[in-house]
Amino acid sequence: MRKKILGINGLGRVGKLILWTKIFQKEFDEIVVNFGRDVGCSFDDVIDYIVKDSTYGRLDAYLFGAASRQSVEVRGNEAKRFILINGVKINILTTHRNPKEIDWRGAEIIIDTTGKFNFPDRDKDHPKGSVRGHFDNPTVKKVVISSPFKLDEGDKLPKDSTMVVLGINGHDYKPKQHHIISNASCTTTCLVHMFKPLLQCYGPSALTSFAMDTIHAETGKQTVLDCVPAAGESDPCKSRSAFNNIFLTTTGAANAIKYVLPEIAEVPFIAQSIRVPTITGSLVVLTSEMQPQNDIEPTKENINRVYKKLADVDTKGYLRFSSERNVSSDIIGSPAAATIIEGSQTQAVVVGEARTNSFAPQKIRVFGWYDNELGSYVNMLSDQISVVAASIE
């Protein structure tokens, strides 16, 4: 039986937390991690970075529970550049950043978390590097990207590429055809799971327009203190102190949604991201104008009933419904929930006159919490990797 080896390119927030999940699951015999640069002053700095986290605590608590007194077993071999954590061998690479130059040491699946190689239409020899460079390694069969695709030309994805959000369009992944898979973004994942119940109940023709605002925790692309914007930086607000400011910026959800939910691609749509100084835990506010044609009026009670009914039969727990009053820290680490609907705050108001045999147009507002790091996005990304791994012959 061949060894199951996973490669992780980049060990930022998503890369580190996906490593945690796969150490916990022991799904792979070995994991190869590529930092793409030297780390700290010694090999111990690599280990410290992996086992400690300011947001989620120590790896011990993640693996064994906060009340457990059990400590994770960690053994490092600096000469051979590997670490054993809880019995899982993790090979550490620091030499190359360009995907085509990385020695993946037998890995069949690569999860690229760098955010740098998300153009599936770029040739492997592109001067800035390309996701296709990973396939220069003869063992690599699939690459999963932890961000939405970007395209240099047009809107059409290459035939071997697909963007998938589990629980929404997982059936779009065809193992024999698709070798580059985007897991979309944390915000897109939350948004489409908020849309699915509305589409199932009312259909896309009932939506006349919608808007999305994500109240989003700070990310690693922001700075601790004000600094000079990097050359070519299109949003100077990202160079202002993340601890002291709320600011408006763009979100890729508006572009990604057309690949995941194409049935609403033609509905007028605006989106905005509002960054706030919290470490994780975010909120999507979905506002939609509706002209329903069926016999279910979009009142607050009916909208909540639609969400609760689907959440009750969601065996994966991707959609959850809450009648409690939550704050952002309440959903940190909530396993695999793409969105947690805050039912107490659902709103609905009549905005026009009724047409023949239909309800009056209404504007609804729905609130969905998501842990933009481990709880929502990374756990669902882990599920996606498992799906891809199971599809390799």
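If the condition is being more than 25 Å from the chain's Cα centre (by Cα) and under 18 Å from E27 (Cα atoms), then the stretch 89-138 contributes K89, R105, G106. Of the set (1) surrounded by 18 or more Cβ atoms within 10 Å (Cβ to Cβ); (2) outside any loop (DSSP other than H, G, I, E, B), all apply to P298 but (2).
Among the residues of the stretch 377-386, write down those that are out of contact with any Pro (no Cβ under 9 Å at 6 or more places or on another chain) and either within 19 Å of D314 (Cα to Cα) or of a type in the set (S, T, N, Q) (or both).
Initially, the stretch 377-386 is screened for residues out of contact with any Pro (no Cβ under 9 Å at 6 or more places or on another chain), giving 377-378, 380-386.
Hits for the stretch 377-386 are Y377, V378, M380, L381, S382, D383, Q384, S386.
When V143 is tested against (1) buried (at least 20 other Cβ atoms within 10 Å of the Cβ); (2) part of a loop (DSSP other than H, G, I, E, B), only condition (2) is not met. K174 meets the conditions (1) in the same structural domain as Q272 (by TED's automatic domain parsing); (2) loosely packed, with under 15 Cβ neighbours inside 10 Å; (3) touching a Ser or Thr at 6+ places or on another chain (Cβ under 9 Å); (4) of a type in the set (K, R) in every case but one. The failed one is (1). Close Cβ contacts (under 6 Å, 6 or more residues apart or on different chains) running from residues in the stretch 47-60 that are surrounded by 14 or more Cβ atoms within 10 Å (Cβ to Cβ) to residues that are among the polar types (S, T, N, Q) and modelled with pLDDT under 95 comprise D60/S71.
Taken as a whole, the structure leaves S209 outside the set of residues that are surrounded by 18 or more Cβ atoms within 10 Å (Cβ to Cβ), modelled with pLDDT of 90 or more and polar (S, T, N, Q). Taking the criterion of being in contact with a strand residue (DSSP E or B) (Cβ under 6 Å, 6 or more places away or on another chain) and surrounded by 14 or more Cβ atoms within 10 Å (Cβ to Cβ), the residues of the stretch 244-259 that qualify are F247, T249, T251, A253, A254, Y259.
Annotation for the stretch 284-296: at least one member residue is under 25 Å from L374 (Cβ atoms) and touching a Cys at 6+ places or on another chain (Cβ under 7 Å). Residues that are part of a loop (DSSP other than H, G, I, E, B), farther than 30 Å from D136 by Cα, modelled with pLDDT of 90 or more and of a type in the set (A, V, I, L, M, F, W, C) within the stretch 62-103 comprise just one, V72. Every listed requirement among (1) in contact with a strand residue (DSSP E or B) (Cβ under 8 Å, 6 or more places away or on another chain); (2) of a type in the set (A, V, I, L, M, F, W, C); (3) buried (at least 18 other Cβ atoms within 10 Å of the Cβ); (4) farther than 30 Å from F243 by Cβ is met by A338 save one, (4).
For the residues G375, G368, the requirement of being in a helix (DSSP H, G or I) and at negative phi singles out G375. The single condition among (1) within 30 Å of H179 (Cα to Cα); (2) in a loop (DSSP other than H, G, I, E, B) that L381 does not meet is (2). When the stretch 29-39 is limited to residues that are in contact with a helix residue (DSSP H, G or I) (Cβ under 7 Å, 6 or more places away or on another chain) and over 13 Å from E78 (Cα atoms), the one that is surrounded by the fewest Cβ atoms within 10 Å (Cβ to Cβ) turns out to be V33. A residue that is more than 24 Å from the chain's Cα centre (by Cα) and in contact (Cβ under 8 Å) with a residue 40 or more places away in the chain can be found somewhere in the stretch 3-16. Going residue by residue through the stretch 347-357, is there one that turns out to be part of a strand (DSSP E or B) and modelled with pLDDT of 95 or more? Yes, because at least one residue in the stretch 347-357 is part of a strand (DSSP E or B) and modelled with pLDDT of 95 or more. Of the listed requirements (1) crowded, with 18+ Cβ neighbours inside 10 Å; (2) free of Cβ contacts under 8 Å to residues at least 60 places away in the same chain, D103 misses just one: (1).
The values are calculated or read from the model by the stated rules, or taken from the named source; none is laboratory data. Computed from a predicted structure; not experimentally measured. Here Cβ is always computed from backbone atoms with ideal geometry, including for glycine, and neighbour counts include all displayed protein chains.
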